[in-house]
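Values in this text are rule-based calculations from the coordinates and carry no lab data. Predicted, not measured: the structure shown is a model, and the values here were computed from it. Cβ sites come from the backbone with ideal geometry, for glycine too, and all protein chains shown count toward neighbours.
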Amino acid sequence: MPPSTDLLQGTLDLLILQTLAPGPMHGWAVAQRIQQVSRHVLQIGQGSLYPALHRLEYKGWIRSGWGASENNRRARFYSLTRAGKRRLETELETWDRLSSAIALVLGREVQA
Amino acid sequence: MMAEFLARLRFLFSRRRPSDLDEELQFHVEESTRANLAAGMNPGEARRTAIVEFGGVERAREQCHEQRPGWWLGTVGQDVRYALRGFRRNPVFTLAALATLTLGIGATTAVFSVVDRILFRPLPYAHADRLVSVGLTAPIVPEEFMLGGSYYVWRDNQKPFEAFTSETGVSSCDLTEHNPAHLSCADVEASFLPTLGVLPLLGRNFLPEEDRPHGPKVALVSYGLWQSHYARDPSIVNRLIDIDGNLTRVIGVLPKDFEMPTVEAADIVLPQALDEAEQRKADPGRVMYAFARLKPGIDAQQAQAMLEPVFNYSLSLAPPQFRKEVHLRVRSIRDREVHDMRMVAWILLGAVLAVLLIACANVASLLMARSAARQRELAVRSVLGASRRRLIRQTLTETLVLSLAGASLGCALAEILLRVFIAIAPEDVPLLAKASLDPRIVLFTILLSLACGALFGIAPAMEKPRMAALAARFGSGAHAWLRRCLVVGQIAASIVLLTGAALLLRSFRNLEEQKMGMETQGVLAANISLPRYRYTTQQKQMDFFLRAESALEHLPGVSAVAMTNWLPPGETHEEQIFNNIAVAGKPRPTSGTGGMVAWRRITPEYFSILKIPIVRGQGFTQEQRSSSEHYLILSSLLAARLFGGEDPIGQHMRLVPPDGPWFMVLGVAADVRNAGLAGAEMPEFYQLRRNIADDWNPWEVMMVKTALPPAAVEPWIRARIGQIDPTLPVEIVTLSEDVSRLADRPRFEASLLAFFALGGLAMAIIGLYGVISFVATQRTHEIGVRMALGASRGDILRLITVEGGRLIATGAVLGLCAAFALTRLLGSLLFQVGAHDPASFVAVALLLAIVALAATLIPARAAMKVQPVEALRYE
């Protein structure tokens, strides 16, 4: 198992929102997807995944409902709400600003 | 923002079913297993890996739960329910803790309320911290006073004060309208109320021209009188009322909280209307009480130094032999008010603080014992995934529930105690009657108990539950050392309290067993005070009393009647300076005052009713009442001081005034306690009250000797007096009641301290019992081993008792040392008992040793009965 990288405070919410942007997904799939896309750098343990999903739901950025999984098991699916989509946009903007600022400080070349 | 708020609201009300979450987590594990299977693991391995990867289910569940807005509200209810269940399972612990808290909080709140009233209450004057009482002190009067001959010089020449004012005391007066009443009137200077910063509620203050002899008659009425007598009618201002037969105009109503700085009750305040010019010339002039407002930046001590010049002027007026005994005093009004209560108040405060400390130690020790016994439970919960925070919150909830329950019971107890205090308080503690539970103090004690509970409740929960606790062992001895210290402290504090109480009780018994020098049984005293406006002359006053005397003499069952102006053994009587007594043919002493001599005017039966023996010469006879000669009877003490070994009978003496008549000494009476129960006996002389108008005053104590029960004779006396004057109030007491009232104050002090001491002792014993039985249970296994190895039951008993004995001995030694140092403070309250009275110390130590050993023996006996086999199987 590759060493897991500690996530920056608050970036987990952003990752989940981004992952859910294409369409509804259940919790396990969210974790798998983040892991795959990040090429196994980011591993989201259930200990942080489910509390984060619940937190986002309580904040009204995602909603949940029961549906059937790929192999027809009853599973809880999460999807972005309209407030969630707006939130994702602002979070992305913030992220861009933040990451380019950090890159400047660290003296790395800023990507176009 | 709005959407978020609505979402929160929605989730607050619609609770997500816990099974949903379980199903979701379950799904996660299954998907994980499937993925592992796909990766080529066998089914068992796949599931195991999935579960291991997932980690603590309980923890995940709790964390998800905690995301919910307001989630903790639900857990508070859960914690409270859990706490209550725990308390019900453990009634002994709960009752002991509740009783301790109740007693601690109740006693503290009640005493703080009383002491606050006495020591710290705000005085009803503007900037009261700058008000002082100013005057001279002399052995004659305990409080500082001024004399008309000096007052005006002081007022005009003083430097340290912004304002300087006086009053001339409170005396009885009568309101003689359609609804007559017997009241008290205070006479004050016009500047008195402005100096104190008192503004009338209605109307105005006195004007300077009203404070002159023959000025307009005006009065201010108290709020109480306005309410009770005039139904708070605002048109009272400018109305004419009849005070002692004088038509007086009411110019205002005093504020509700007004009181004289001497704390005497005053229903009506009048201008003192002294003739200033006459007083300036007078020697010594009218007795007055002076009060002043300090200039900013000057304190009472500086003021005293700055008054030195005017004080020296007053000294120069005093007769040279008195000068050494006269001093200057400037002190705050509060000091004047509480002068002799201060000591009692501080002792009460100290006692109750000791009780509070014992109570806190007890609660702490109980909570520690409980948490030690619960380590296993906490460890199990922790392993099952409950977070540290959750466990701490649970413990905190428990102690809070306990503290709040104790606080509410404590408040109820405080209310009861306060009523008891007021009921048993002697009349000379005027401030006490107005004491009530102060919400600030109630809040303070509740917070204190919460803090105490929180501190000792959380401390054990803070440390991580040890996995060792999961083994069947009964808790650990981690807190045992601290608990032992607490018990030693409790025992020491109880010893201090008990010693104080024992000393006061002994002193009180000494007072009660005092030899009075007279017989108080079967004597009724009827106090009669004639209104001066109706009995205007001494002749009328004498006529009334002589008629009353013969009326009472003819009552059935009455064997004798006598009259006097004051009854012993109280402190109130007439007094004069010893060195002012002149004996015919002897030089007058020239230095000092020689102290005071008490005297009274009596009728002949006085000695026979009180069974005071005449040790030399004769008593007064009925015939002498109608003679024009002046006769005197001396007390043994006075006779010895004046004449030494000589025969006093037939000697002639002159009293005050120095140019008065010569009195002939008829006889010498035995000494009687005449300066209060605890006071040293004073030399005394008796004058005969003859049937001459000059000998009479408007008040008299009529003494009635009867063999019948007092309750039967009392209405007859009232009826007979009523036949002569139906409107006259008559106050009747038995002489024994009167005497026992003098012991009210020591009785009050002794019973309060005894109450606290016993309460403290009870709590200390509970604490000791708790510790010993805890230690015994902890060592059950060890006891079993010892017995299996051949220890006898006696050995086991000794083992446990020695453990307790060591605690008792340490506590007792510490306590006795502390008591030895502290009881000195009680010195001024003690009567014929030394502050280090060995008998009291020994008795207290014995009492404590016996009770404490008994508390140790109960758990020790239980330990002794342990069956070795059971004890060994225990683990």
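Quick notes
- Hey, B:Val844 on the phi < 0 side of the Ramachandran plot, surrounded by 17 or more Cβ atoms within 10 Å (Cβ to Cβ) and touching a residue at least 60 places away in the same chain (Cβ under 8 Å) or not: yes
- Which listed residue is within 23 Å of B:Ala292 (Cβ to Cβ) and outside any loop (DSSP other than H, G, I, E, B), from B:Ala190, B:Ala266, B:Ala186: B:Ala186
- Test: residue in region B:238-251 that is among the hydroxyl-bearing types (Ser, Thr, Tyr), more than 37 Å from the chain's Cα centre (by Cα), assigned to a strand (DSSP E or B) and closer than 30 Å to B:Phe164 by Cα: yes
- Residues being in contact (Cβ under 8 Å) with a residue 40 or more places away in the chain and among the hydrophobic types (A, V, I, L, M, F, W, C) - total across region A:64-112: 6
- In region B:694-717, the residues that are in contact with a Ser or Thr (Cβ under 7 Å, 6 or more places away or on another chain) and assigned to a helix (DSSP H, G or I): B:Pro710, B:Val713
- Filtering region B:45-71 to residues that are in contact (Cβ under 8 Å) with a residue 60 or more places away in the chain and more than 11 Å from chain A (Cβ to nearest Cβ) leaves only B:Glu58.
- Of the set (1) under 30 Å from A:Leu53 (Cβ atoms); (2) exposed (fewer than 14 other Cβ atoms within 10 Å of the Cβ); (3) away from every other protein chain (no Cβ under 14 Å), all apply to B:Leu95 but (1).
- Members of region B:148-161 found to be surrounded by fewer than 20 Cβ atoms within 10 Å (Cβ to Cβ) and in contact (Cβ under 8 Å) with a residue 12 or more places away in the chain, listed by number: B:Gly149, B:Tyr152, B:Val153, B:Asn157, B:Gln158, B:Lys159
- On the stretch given as region B:265-283, residues that are surrounded by fewer than 17 Cβ atoms within 10 Å (Cβ to Cβ) and touching a strand residue (DSSP E or B) at 6+ places or on another chain (Cβ under 7 Å) total 1.
- You will find that of A:Ser79, A:Ser38, A:Ser69, the residue that is within 13 Å of chain B (Cβ to nearest Cβ), under 30 Å from B:Glu62 (Cβ atoms) and among the hydroxyl-bearing types (Ser, Thr, Tyr) is A:Ser69 and no other.
- Residue within region B:813-830 that is over 21 Å from B:Ile495 (Cβ atoms) and assigned to a helix (DSSP H, G or I) present: yes
- Qualifying residue in region B:256-264 (condition: surrounded by fewer than 14 Cβ atoms within 10 Å (Cβ to Cβ) and of a type outside the set (Val, Ile, Thr)): yes
- Meets criteria (surrounded by fewer than 22 Cβ atoms within 10 Å (Cβ to Cβ), over 30 Å from B:Val57 (Cα atoms) and within 37 Å of the chain's Cα centre (by Cα)) for B:Arg286: yes
- Some residue of region B:129-139 being surrounded by fewer than 20 Cβ atoms within 10 Å (Cβ to Cβ), of a type outside the set (Lys, Arg) and more than 28 Å from B:Arg280 (Cα to Cα): yes
- Cβ pairs under 6 Å, 6+ apart, first in region B:567-581 and more than 17 Å from B:Arg745 (Cα to Cα), second hydroxyl-bearing (Ser, Thr, Tyr): B:Ile577/B:Thr593; B:Asn579/B:Thr593
- Per-region count, region B:549-608, residues crowded, with 17+ Cβ neighbours inside 10 Å, polar (S, T, N, Q) and under 19 Å from B:Ile732 (Cβ atoms): 3
- Filter result for B:Met682 (touching a residue at least 60 places away in the same chain (Cβ under 8 Å) and not in a helix (DSSP H, G or I)): yes
- Checked against the criterion of being over 27 Å from B:Val363 (Cβ atoms) and not in a helix (DSSP H, G or I), region B:772-780 has no qualifying residue.
- Consider region B:512-531 and keep the residues that are of a type in the set (D, E, K, R) and touching a helix residue (DSSP H, G or I) at 6+ places or on another chain (Cβ under 9 Å). The one that is nearest to B:Arg689 (Cα to Cα) is B:Glu519.
- Residue pairs meeting the criteria (Cβ under 8 Å; at least 6 apart or on separate chains; first small (Gly, Ala, Ser), in region B:267-283; second surrounded by 14 or more Cβ atoms within 10 Å (Cβ to Cβ)): B:Ala273/B:Asp187; B:Ala273/B:Glu210; B:Ala273/B:Asp211; B:Ala273/B:Arg212; B:Ala273/B:Gly215; B:Ala282/B:Gly148; B:Ala282/B:Gly149
- Elements of the type strands (runs of 3 or more DSSP E) sitting completely within region B:521-612 and holding at least 3 residues that are more than 19 Å from B:Tyr631 (Cβ to Cβ) and of a type outside the set (Val, Ile, Thr): these cover B:523-529.
- Residue check for A:Ala29: touching a helix residue (DSSP H, G or I) at 6+ places or on another chain (Cβ under 6 Å), facing chain B (nearest Cβ under 10 Å) and assigned to a helix (DSSP H, G or I): no
- Filter pass, B:Pro255 being assigned to a loop (DSSP other than H, G, I, E, B) and either over 30 Å from B:Ser332 (Cα atoms) or over 38 Å from the mean Cα position of the chain (by Cα) (or both): no
- Once region A:41-63 is narrowed to residues that are more than 7 Å from every other protein chain (Cβ to nearest Cβ) and closer than 16 Å to A:Lys85 by Cα, the residue that is surrounded by the most Cβ atoms within 10 Å (Cβ to Cβ) is A:Trp61.
- One residue from B:Asn42, B:Asn90 being in contact (Cβ under 8 Å) with a residue 60 or more places away in the chain, more than 14 Å from chain A (Cβ to nearest Cβ) and of a type outside the set (Gly, Ala, Ser): B:Asn90
- Against the criterion of being under 30 Å from B:Gln832 (Cα atoms), in a strand (DSSP E or B) and touching a residue at least 40 places away in the same chain (Cβ under 8 Å), B:Val665 does not qualify.
- Residue within region A:17-24 that is farther than 18 Å from B:Val52 by Cβ, assigned to a helix (DSSP H, G or I) and facing another protein chain (nearest Cβ under 8 Å) present: no
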